[in-house]
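Peer 1: Sharing a structure, written as structure tokens. Questions coming.
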């Protein structure tokens, strides 16, 4: 829900000129600059003490600070407009204003119409748009590295539980050839026909069928381009494909979540001449 903060804060309509009371934990000195991207940590909590958002220090939120954001972003942006880089503060925003003005969404039934959301916020830096793009890319790489490390642990736990010892390639692909074929070995630029069944680690099947493609040309996920090249015509194998060789941090549709390792039972039916 609070991913709406980044986009929604730019879309709100005007509101009353009510000033929000700010309690300072720390005070900064650097004034905010129009056109900069503000980086900040924040905690949002209801009157019942339920955390709606608690950002991790290594992954701050970002807002483009400009006049339209301040004028149209509701009490949240009017409050941020009063801060400086380095400020660490506590304030409360009426829930109705936060949702309906800032987020441009109906107030959820679970949030009281006359309630408030307490916000703890620290403005940690302001950067140019170009600097933010480079920063965001670096953060994404670090985030992906953490997820990939966790995914690797899950794969190893899966193999240990199932008693499997698949071969592992330099790229991270694992595979087990369950039947050795007698035909020619598939190679890059061959047009191959493959029978397959795709599953998640929990056994959920997401696809099955026959598929013809040109091997090694990027027409399929990297795990297929690499894995099918180990097979001869008539071979059957199980490919264990980490997300880095599959659908990565985006996943695929509703069936394959981000950072999902995939299992493919495959059979190389033929090399099409």
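Peer 1: Going by what's in this entry, would residue 260 be described as within 16 Å of residue 201 (Cα to Cα), part of a loop (DSSP other than H, G, I, E, B) and in contact (Cβ under 8 Å) with a residue 60 or more places away in the chain? Break it down stepwise before answering.
Peer 2: On the way: within 16 Å of residue 201 (Cα to Cα): yes; part of a loop (DSSP other than H, G, I, E, B): yes; in contact (Cβ under 8 Å) with a residue 60 or more places away in the chain: yes.
Considered against the rule, which asks whether it is within 16 Å of residue 201 (Cα to Cα), part of a loop (DSSP other than H, G, I, E, B) and in contact (Cβ under 8 Å) with a residue 60 or more places away in the chain, residue 260 comes out as yes.
Peer 1: Can you list residue pairs whose Cβ atoms sit under 9 Å apart, with the first residue in the stretch 143-160 being under 14 Å from residue 249 (Cβ atoms) and the second being loosely packed, with under 14 Cβ neighbours inside 10 Å and at pLDDT 85 or above? Count only pairs 6 or more apart in sequence or on different chains.
Peer 2: Correct list of pairs: 143/249; 144/249; 147/249; 147/258.
Peer 1: Checking residue 86 against (1) within 29 Å of the chain's Cα centre (by Cα); (2) buried (at least 18 other Cβ atoms within 10 Å of the Cβ); (3) modelled with pLDDT of 95 or more, which test does it fail?
Peer 2: Going through (1) within 29 Å of the chain's Cα centre (by Cα); (2) buried (at least 18 other Cβ atoms within 10 Å of the Cβ); (3) modelled with pLDDT of 95 or more one by one, residue 86 breaks only (2).
Peer 1: Sort through 42, 69, 62 and tell me the only one that's in the same structural domain as residue 113 (by TED's automatic domain parsing), in contact with a helix residue (DSSP H, G or I) (Cβ under 7 Å, 6 or more places away or on another chain), within 22 Å of residue 138 (Cα to Cα) and at pLDDT 65 or above.
Peer 2: Testing whether each residue is in the same structural domain as residue 113 (by TED's automatic domain parsing), in contact with a helix residue (DSSP H, G or I) (Cβ under 7 Å, 6 or more places away or on another chain), within 22 Å of residue 138 (Cα to Cα) and at pLDDT 65 or above leaves just 62.
Peer 1: If you don't mind, there's one more thing I want to ask. Looking at 119, 101, can you tell me which residue is surrounded by 20 or more Cβ atoms within 10 Å (Cβ to Cβ) and out of contact with any strand residue (DSSP E or B) (no Cβ under 8 Å at 6 or more places or on another chain)? Talk me through it step by step, then tell me what you get.
Peer 2: Numbers: 119 fails: out of contact with any strand residue (DSSP E or B) (no Cβ under 8 Å at 6 or more places or on another chain).
None of the other options fit; the residue is 101.
Peer 1: Mind checking which pairs have a first residue in the stretch 110-122 that is within 9 Å of residue 44 (Cα to Cα) and a second that is modelled with pLDDT of 95 or more and exposed (fewer than 14 other Cβ atoms within 10 Å of the Cβ), Cβ under 9 Å, 6 or more apart or different chains?
Peer 2: 120/25
Peer 1: In addition: Given the residues 149, 136, which is the only one that is more than 30 Å from residue 227 (Cβ to Cβ), not in a strand (DSSP E or B) and not assigned by TED's automatic domain parsing to the domain that holds residue 62?
Peer 2: Numbers: 149 fails: more than 30 Å from residue 227 (Cβ to Cβ).
Selected residue: 136, the only one of 149, 136 that is more than 30 Å from residue 227 (Cβ to Cβ), not in a strand (DSSP E or B) and not assigned by TED's automatic domain parsing to the domain that holds residue 62.
Peer 1: So which of 34, 80 is buried (at least 16 other Cβ atoms within 10 Å of the Cβ), modelled with pLDDT of 90 or more and within 23 Å of residue 125 (Cα to Cα)?
Peer 2: Numbers: 34 fails: buried (at least 16 other Cβ atoms within 10 Å of the Cβ).
Of 34, 80, the one residue that is buried (at least 16 other Cβ atoms within 10 Å of the Cβ), modelled with pLDDT of 90 or more and within 23 Å of residue 125 (Cα to Cα) is 80.
Peer 1: Please go through (1) closer than 27 Å to residue 133 by Cα; (2) within 27 Å of the chain's Cα centre (by Cα); (3) touching a residue at least 60 places away in the same chain (Cβ under 8 Å) for residue 45 and return the number of the only condition it doesn't satisfy.
Peer 2: Residue 45 satisfies all of (1) closer than 27 Å to residue 133 by Cα; (2) within 27 Å of the chain's Cα centre (by Cα); (3) touching a residue at least 60 places away in the same chain (Cβ under 8 Å) except (1).
Peer 1: So which of 253, 234, 246 is surrounded by fewer than 18 Cβ atoms within 10 Å (Cβ to Cβ) and over 23 Å from residue 183 (Cβ atoms)?
Peer 2: 253
The values are calculated or read from the model by the stated rules, or taken from the named source; none is laboratory data. Bear in mind that the values here come from a model prediction, so they are computed numbers and not experimental data. Cβ atoms come from the backbone with ideal geometry, glycine included; neighbour counts cover every protein chain shown.
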